[in-house]
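The values are calculated or read from the model by the stated rules, or taken from the named source; none is laboratory data. Since we're looking at a predicted model, the values are computed, not measured. Positions of Cβ are generated from backbone atoms using ideal geometry, with glycine treated the same way; all protein chains shown enter the neighbour counts. The accessibility values were calculated without ligands, DNA or RNA, using every heavy atom of the protein model including side chains. Shrake-Rupley method; radii C 1.70, N 1.55, O 1.52, S 1.80 Å.
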Amino acid sequence: MTSRPFKPDESQQTRSSAPMSVTFARRTSSGRYVNYSRESNDVDSDFGSGEFLNYTVQIPSTPDNQPMDPSISQRVEEQYVSNSLFTGGFNSVTRAHLMDKVIESEANHPQMAGSKGSSCAIPGCDGKVMSDQRGEDILPCECDFKICRDCYIDSVKTGDSNCPGCKEAYKATDLDEKAVDHSRPLTLPPLPPNGSGLSKMERRLSLMKSTKSGLMRSQTGDFDHNRWLFETKGTYGYGNAIWPKERDYGNDDNSSVAGGGGGGGDPSELLAKPWRPLTRKLKIPAAVLSPYRLLIFIRIGVLGLFLAWRIRHPNTDAPWLWLMSIICELWFAFSWLLDQLPKFCPINRATDLDVLKEKFETPSLSNPTGKSDLPGMDVFVSTADPEKEPPLVTSNTILSILACDYPVDKLSCYVSDDGGALLTFEAMAEAASFANLWVPFCRKHDIEPRNPESYFSLKRDPYKNKVKSDFVKDRRRVKREYDEFKVRINGLPDSIRRRSDAYNAREEIKAMKLQRENAVEDEPIASVKVVKATWMADGTHWPGTWIVPGSEHSKGDHAGIIQVMLKPPSDEPLKGESGSIDLSEVDIRLPLLVYVSREKRPGYDHNKKAGAMNALVRASAIMSNGPFMLNLDCDHYIYNSQAIREGMCFMMDRGGDRICYVQFPQRFEGIDPSDRYANHNTVFFDVNMRALDGLQGPVYVGTGCLFRRVALYGFDPPRSKDYHHGCCSCCFPRRRKLAMSEDARGLQMGDSDDEEMNISEFPKKFGNSSLFVDSIPIAEYQGRPLADHPSIKHGRPPGALTIPRELLDASTVAEAISVVSCWYEDKTEWGNRVGWIYGSVTEDVVTGYRMHNRGWKSVYCVTKRDAFRGTAPINLTDRLHQVLRWATGSVEIFFSRNNALLASPKMKILQRIAYLNVGIYPFTSVFLLVYCFLPALSLFSGQFIVQSLNVAFLTYLLIISLTLCMLAILEIKWSGITLEEWWRNEQFWLIGGTSAHLAAVLQGLLKVLAGIEISFTLTSKSGGDEDDEFADLYVIKWTSLMIPPIVIMIVNLIAIAVGFSRTIYSTIPQWSRLIGGVFFSFWVLAHLYPFAKGLMGRRGRTPTIVFVWSGLIAITISLLWVAINPPSGADGIGGSFTFP
């Protein structure tokens, strides 16, 4: 029996003499109560106004009052969840706010939040009529009386099976028969032939009996998280949905064939069918790689001999110049060695998508229906500020994810809005609405790319290779709808502002009216102050950040928010209809789409992007628990719809269980054709990353990376003790007992039989969410490769992941709200050993380093068609600040315990050198700055870094230069980059090294040694034309980072003029010293040419007089220098020089 205390108002006090009334009611799926007697229409979750009852009795389940079929109740629950906005957090109640609508326009897809569903016609019932996958009502009576499932059961059991509408008896009292007519079987899915003898519980992958589907709401109608948390039980463990017991998988009898404890498949089946790998290595041709390696050794030897010669032959005329140059050259040689050694073993890789489809999506003995056996995939999109990251860009990224070529029921998309902005929320809802048209259009016509903005902006022929006759009509319709979609997105800021102003004005009028009614005569009426709230489309307050920040509604202070924008799709394909676009042969289902804004409160360190990503990891583990995760920035979209499948080829191949992540290269759009500031960064992505792939794997670069979930949880890879990468492990093997004493060894998963996971320690590491802890072994099991080969140990049998996923319920989303709260990570290892690592602005590099340090491997996946594409800053100042942020993170890594010098023996020696170079490369800027001034100092002083330009020096210089050029050519051969890209990279290396890298070293040293944090601001000075695609390239934003390169250019130009003047006017010209100094000055200026071009703005806009003045000033300074310090033997300006 449930009682509800209440505070009587005045009207209730006058009726205190009235007898207490008791109403018997039934609790609906949405948490409200419906009167059984139908006499009162006001019984709801708020129990009316309090005039009709004091408490309500909820009749428990009895033989005469049986609840509905669990499968149906769960679908009703899921419909409630998808229409509710969940909020909560620290010291606050978790609430589920049922929204009538999410956006101003009407939702037109049955999976979308706020989709219009018919309400039950029974008075007092707010339940929704059951609908099929198309959103059509399921009505049990021919009179089409709208009735929900609960009321239907009531009428069958208590109303003599009569329809409340027409008062006629139901012809069929089984609702499932009506559901079949609508192509919506509501009963449990039938078992396949090989599992007909198994119960539903035995078919559950997690072997989990969950009582969380029942709604645990408090008496106020809000979700009672504490009651659910402490009053439910769940058992989790290992298992498999269709593991045939009669085959005895994993027994000792067939472990040699099936792969030991994780084997799968009949031995005869394995032997009858040849095994094919999913990936293969493409080795670099020996004709390219062998000379490349030989040149590396030759250049190392020549550098050693050259430095030794330089040390033995000092310049006695200018020892200070010689000393500075030799120190810089020693560091340059060391830095080049750190950069070059990891490039010793470059490789290429290729995938076979046909084999992937054959293994996971083709009917077989273990999968007779041919349903996809691929593991689940959770895609993360992170955004923080809709003003800096336009909602239209984020929406296009989401649309490209929803339309990608991956099983719909296995794909989930989570969007992290770290700013908690209503603008982002409604833009997501608009994107979900437009996806109803865009996604089926992409599937029908095989559209590439599946970002609508990029697709409709293509300059190539859109009708090429299109064979369907209705493509032109369909494309025209979708293009018109997309233009309207863009207008709605761009108009959202004004729409939200106007709506909020209207609601705030209404609230102000109400407050003024109430104040006048309660005001005492002859007393002045004070002005009414109403909080300027931000309002949602359904007329309620937005729980996140308001346009006018208020208490608990600002960027750093708001509740956690989760909204299921698109509920999980049905298990079976759903064909569309023949409307304006014929979708009768197209699956119109959409993947799960969830909006997440983690809780933020003052006094908590939210750890920026890393904290937001960890919140998504936990929320996704509760709601979908995909064993693999793909993270993308909001401006990086899926350009190749099969990119996820390409990454899964590596994860599901033999040995894939030891891969922690698959990194894809970053490709950019909107870069100027000349790539002035090396924005494409092809040398890093196509040379360095390919080379690292031949070692332990590429570094993690922050986006476009497919993760194994358990690797992010801080576990060691399987069979980690079988791999000793240390340089001395072969000569001095470590004792097993000592190796097992390390902390990381206690977290091993899926290793030998004598090691088991210490699950009791999980809450201390991962937090107090039992659902999250129980999801860990499930994710590990689902992420295993198929045990279809004898060499694959600890695999899973084929067909294990063909069962439907669990339906969402309110308790699951409420638990997800709990794990994104600001207090959840307290006293846990999140950010330390688990998830994205905190403490650095380059959390991506540190996170990847930690995984490699535990023995995991990573893979670099370069696809024929770019996997992802994004945007990059083409403005000089923005580019410098981007490089500054990266370099600052590298300096922080060098001074932290993530320094590669402290790496574990599990990391390969060359991989360790690569990570060491990541932390050291900014310090090269100090020596580079000095070396850029050396030519000018040489020209000013009339000396050079060597005593004279003799044959030995010139020979060494020639060999070093030739080997450098030959190495560059060979790198271009095996990496596929162009010579221009290589040269642009060299130019920006010097530009960044003399500006951003130098500032990063200064910033890092001040932060580490003195605890002082400084920032470099920028100011926009001029802009370009809006009609120009590359207008931002010509925008000049002044920043202090520009000072060192400008000084270097001016000093070297003046030094060249002074050098020429000194040599021409001298009695005995020293042409060799002039040539040496001028050569190196031109070398510096050639590298700084893009920087100088950026300072000049748009070509042709700099007045000619500026160049004339610059030349006159340079000549005047040079003549002044000669007059002040004339050459020896000259009496004044001109000296002994005469024209011929």
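Couple of notes before you dig in:
- Shape category assigned to region 562-629 from the gyration tensor of Cα positions, a/c cut at 1.5: prolate
- For region 749-906, the normalised intensity computed at q = 0.08, 0.15, 0.18 Å⁻¹ comes to -0.39, -1.24, -1.37 (log10 of I(q)/I(0), Debye sum over alpha carbons, equal scatterers, no solvent).
- Share of pairwise Cα separations in region 269-336, more than 18 Å, in percent: 63
- P(r) histogram, all alpha-carbon pairs of region 839-982 included - 5 Å bins from 0, percent: 2, 7, 10, 11, 15, 17, 16, 10, 6, 4, 2, 0
- Inter-centroid distance (Cα atoms) of region 378-432 relative to region 513-560, Å: 30
- Taking every protein chain into account, the 1.4 Å probe leaves Arg95 with about 110 Å² of accessible area, to the nearest ten.
- Area accessible to solvent at His313, 1.4 Å probe radius, in Å²: 90
- Separation of the alpha carbons by more than 26 angstrom is noted, of Lys600/Lys1037; Lys532/Lys600; Lys444/Lys486, for Lys600/Lys1037.
- For the pair Ser674 and Val930, label points projected 7 Å from Cα toward Cβ lie 3.4 nm apart.
- Accessible surface of region 531-640, 1.4 Å probe, proportion on carbon and sulfur as whole %: 53
- Measuring r between the beta carbons of Ala1010 and Lys555 and using R0 = 35 Å, the FRET efficiency lands at 0.75.
- Coarse-grained scattering of region 394-452 at q = 0.12, 0.28, 0.30 Å⁻¹, given as base-10 log I(q)/I(0) from a Debye sum over alpha-carbon atoms: -0.29, -1.22, -1.32
- Percent of Cα pairs exceeding the 22 Å cut-off, where the set is region 390-505: 39
- Relative intensity, log₁₀ I(q)/I(0), of region 415-567 from a Debye sum that treats every alpha carbon as a point, q = 0.13 Å⁻¹: -0.76
- Here the 3J(HN,Hα) profile of region 846-854, calculated from phi with Karplus coefficients 6.51, -1.76 and 1.60 at θ = phi - 60°, is 5, 4, x, 4, 4, 5, 4, 5, 8 Hz, Gly and Pro shown as x.
- Under 13 Å, Cβ to Cβ, from Ser290 - net charge with Lys/Arg +1 and Asp/Glu -1: +3
- Relative frequency of Cα-Cα separations exceeding 29 Å in region 282-431, percent: 61
- Peptides 969-981, 434-446 ranked from most to least packed give 434-446, 969-981, packing being the mean of other C-beta atoms within 10 angstrom over each peptide's residues.
- Three-way shape label, region 795-859, alpha-carbon gyration tensor, a/c 1.5: oblate
- A Förster radius of 35 Å, combined with the Cβ-Cβ distance separating Asn490 from Arg276, puts the computed FRET efficiency at roughly 0.10.
- Rounded, prolate or oblate (a/c below 1.5 giving rounded, otherwise prolate when a/b exceeds b/c) for region 846-906 by Cα gyration tensor: oblate
- Residue ranking by accessible heavy-atom surface, 1.4 Å probe, largest first, among Trp856, Trp823 comes out as Trp823, Trp856.
- The apolar share of the surface of region 384-469, taken as the fraction of accessible area on carbon and sulfur atoms (1.4 Å probe, ligands and nucleic acids excluded), comes to 50 percent.
- Only protein heavy atoms count here; under a 1.4 Å probe, Cys151 has an accessible surface of about 0 Å².
- Reported to the nearest whole Å, the Cα centre-to-centre distance from region 272-318 to region 930-952 is 30.
- Taking 20 Å as the limit for the C-alpha separation, the pairs Lys371/Lys793; Lys410/Lys575; Lys359/Lys575 exceed it in the case of Lys371/Lys793; Lys359/Lys575.
- Annotation: extensible slack from Asp317 through Ile909 equals 208.8 nm (criterion: 0.36 nm per residue apart, minus Cα-Cα distance).
- Amide H contacts for Thr871 (H built 1.01 Å from N in the peptide plane; partners 5 or more residues away or on another chain; cut-off under 5 Å): Glu669.
- Label separation (Ser584 vs Arg885): 5.1 nm, computed from points 7 Å beyond Cα along the C-beta direction.
- Take 280-290, 881-891 and order them by the average number of nearby Cβ atoms within 10 Å per residue, most first; the result is 881-891, 280-290.
- Relative packing of 776-786, 1049-1059, which averages over residues the other C-beta atoms within 10 Å, highest first: 776-786, 1049-1059
- Computed over the alpha carbons of region 577-701, Rg followed by Dmax gives 19.3, 56 Å.
- The 1.4 Å probe gives accessible areas that order Asp538, Asp317, largest first, as Asp317, Asp538.
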